[in-house]
Each structure stands twice: as C-alpha cells, then as structure tokens.
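See structure below.
All of the numbers you see were taken from the coordinates with simple rules; none came from a lab. Quick caveat, the model's predicted, so the values are computed rather than measured. Cβ placement follows ideal geometry from the backbone for every residue including glycine, while neighbour counts extend to all protein chains displayed.
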Amino acid sequence: MFVGRVDHDLICDFKSGLFDIFFIILGIIMIIRGKLIIGLVSLSMIIVSGCIRVMPKETAGVEEQVSDSVAIAMCQIFCLDGDREGNFVRIENALKKAVAAGAEVACFPETALLGWVNPDAHQRALAIPGADSERLCGLAARYGVYLCIGLAEKEGDKLYDTALLIDDNGEILLKHRKINIMQGLMTPGYTPGDSVRAVDTELGRMGVLICADTFDDKILEKMRAQRPEILLVPYGWAAREEQWPGHGKALENTVVRAAQAVGCPLVGTDLVGAISQGPWQKMVYGGQSIAVDAEGQVLGRCCDRDWDVQLVRVRRSKR
C-alpha cells in the first residue's frame, strides 16, 4: 500500500510539472505576440498550482498539535473489599472497554484490589514486584496500554497505599506510596511514603499521587517541581450515603485546585462501592471521576454512583 501511494504521488507530481511547462510556454508566446494580459494570466496559473501543492504541507502543524494530546480512560470500576479475584475481573473488563475506545492510558482507583483501609490487607497484600503487580503488568502488556492503578503493598511488616504507572510493554515506570495517609482509620495503619516523582514516558512526562496527597500544599509543591505534563491520581472518595451526589462537587473542587497548583492537567479516577470495616464502615464511594486541564476546566467526568469508563483527550502541559 505504501509503494502504491508513493507511485500515485509521483504521477501527480509529473502531471503537475507538465501543467507548469504548458502554461510557461503559453505565457511566453502570448507576451511575445503582444497579448500581455493573456500571457500574465497563463503565468499566474503556475503560482496558483504551486500554492495548491504547498497547502498539504501546512497540515503537518495540525498533526503535531494532535500528537501533543493523550487519550486517557477513567476506569471507574466497582470494587469489593477483599475480593481480589473479582476485582481483577472488573479491572480487565474495564481495560477492554478502554482500549476499544482508543485509550493510550487507563486509570483506575485507589487500592483497587483489596479495598482502602481494609485491615485484612496486612495479611493479604503482596510485595512489589510480586504476584499482584505482575498480573497488572501482564494486563498492560496484553492490551498494549499504559496502566495507572492503586493497590496495597506489603514490605516486611509495613503496609503501603501504593499506585503504579505501568507502560504498554508491562514495565513498571513509577511506584508512588501515598504520603498523606489520614491516620486513625485502620489499626495498624498504612506507613506513609516519603517521595514525589514524575517520569518521562513515550506519551509525555507523567506524575502520580494518591487521593489525600492532593489535599496537601507541600506535596503539590513537590510535584510541581517535578514538572509533570500530566498528573494521574487514583482516588477513594467516600462519604455518607446521604451526602451523594453532592459530595462529587467536593471531589471536583479538590481536583481543580490540585491541577492549578501543579500547573498541569489532572485525571482523577474514583471508584464505586463502600468501605467494609473501621470507623468509616458503610461510607460510600460515589464515583464522579473527573479530568481537568491545567486551568481547572473540566475535560470529562464519569457518572454518579455507577461503574463507568470515559475517554478524555488530555493536552500535555508545556513545561
């Protein structure tokens, strides 16, 4: 097909060259014979022909602009605390929908495998790398998509609220451990992380934070210093049942404020479900995942209190 397209272009160029020669000769003959106006018109046809052939080159700028954006899917799944295998099924189903829609990056919620502030994770969470992270890497490679997802991580006797950024070859590019862990919701609690990073990828420079990290100005300042072009944030945005759907506005305000503080687009992916244990037992995750640009303008959002997969095209910030 490529060879055929080249041959077609060569034929078109050859025909255009004959067209130009014809009007040059005609123009010169008309001028010599004293028919100045006809001669000038003939020569002007060459200029018009040249402009028409140059115009397609100008479309290259449009293609470059399109390449500055990334297709990102907010995969707002239902997560059931402790249901590792069922959550993996729901993750893969959402991945299929995201890839079918054209996603280059698929974003999932916080602690999507075992649930947030689930004390059972102290016994059931795995190290990274480990079986859970390897399965996630395998999904990213199988579907050829970048994957950002939150999961519990065990290291020795410590439990971390972690998020991974995995590339489309199944390689872990970045691991972020939640810093602002909101003490008192689980005993023993999560161990806080201590670093903020962004990483260069084929799709641009990406940073990762987790939920309550975006409440903290110092954490946002550290992320801004990393100069990300896109910030991905898994959320576990919960409130009492009667506070929904209004609590979604608080999520939007938090995401807008964080995007403006860091100076880049932010994709925040929440889940649907409920907290099963601890002081926040029966608190509801109401969805309403949201993506905004660097100025806080909404690019897209998921529905209220139901699973959803929404594709947004996010233009990378120039840093």
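Summary of computed values
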{"read-out": "Complete set of residues in the stretch 204-245 that are over 17 Å from V256 (Cα atoms) and part of a loop (DSSP other than H, G, I, E, B)", "value": "Q226, R227, R240, W244, P245"}
{"read-out": "Filter pass, G184 being touching a His at 6+ places or on another chain (Cβ under 9 Å) and part of a loop (DSSP other than H, G, I, E, B)", "value": "no"}
{"read-out": "The stretch 304-319, residues that are out of contact with any Ser or Thr (no Cβ under 9 Å at 6 or more places or on another chain) and not small (G, A, S)", "value": "D304, R305, D306, W307, V309, L311, V312, K318, R319"}
{"read-out": "Condition check for G300: part of a strand (DSSP E or B), out of contact with any helix residue (DSSP H, G or I) (no Cβ under 9 Å at 6 or more places or on another chain) and surrounded by fewer than 18 Cβ atoms within 10 Å (Cβ to Cβ)", "value": "yes"}
{"read-out": "Some residue of the stretch 269-278 being assigned to a helix (DSSP H, G or I), of a type outside the set (S, T, N, Q) and either out of contact with any His (no Cβ under 7 Å at 6 or more places or on another chain) or under 26 Å from D120 (Cβ atoms) (or both)", "value": "no"}
{"read-out": "Within the stretch 165-181, tally of residues that are under 24 Å from Y143 (Cβ atoms), part of a strand (DSSP E or B) and either touching a Phe, Trp or Tyr at 6+ places or on another chain (Cβ under 6 Å) or without any contact (Cβ under 8 Å) to a residue 40 or more places away in the chain (or both)", "value": "4"}
{"read-out": "Those residues of the stretch 113-139 which are farther than 19 Å from G236 by Cβ and in contact (Cβ under 8 Å) with a residue 40 or more places away in the chain, in sequence order", "value": "P129, R135, L139"}
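Here is a yes/no grid of residues against (1) under 29 Å from S276 (Cβ atoms); (2) out of contact with any Gly (no Cβ under 7 Å at 6 or more places or on another chain); (3) among the hydroxyl-bearing types (S, T, Y):
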| position | (1), (2), (3) |
| --- | --- |
| K158 | yes, yes, no |
| L173 | no, yes, no |
| H176 | yes, no, no |
| M182 | yes, yes, no |
| M186 | yes, no, no |
| G193 | yes, yes, no |
| T201 | no, yes, yes |
| E241 | yes, yes, no |
| K249 | yes, yes, no |
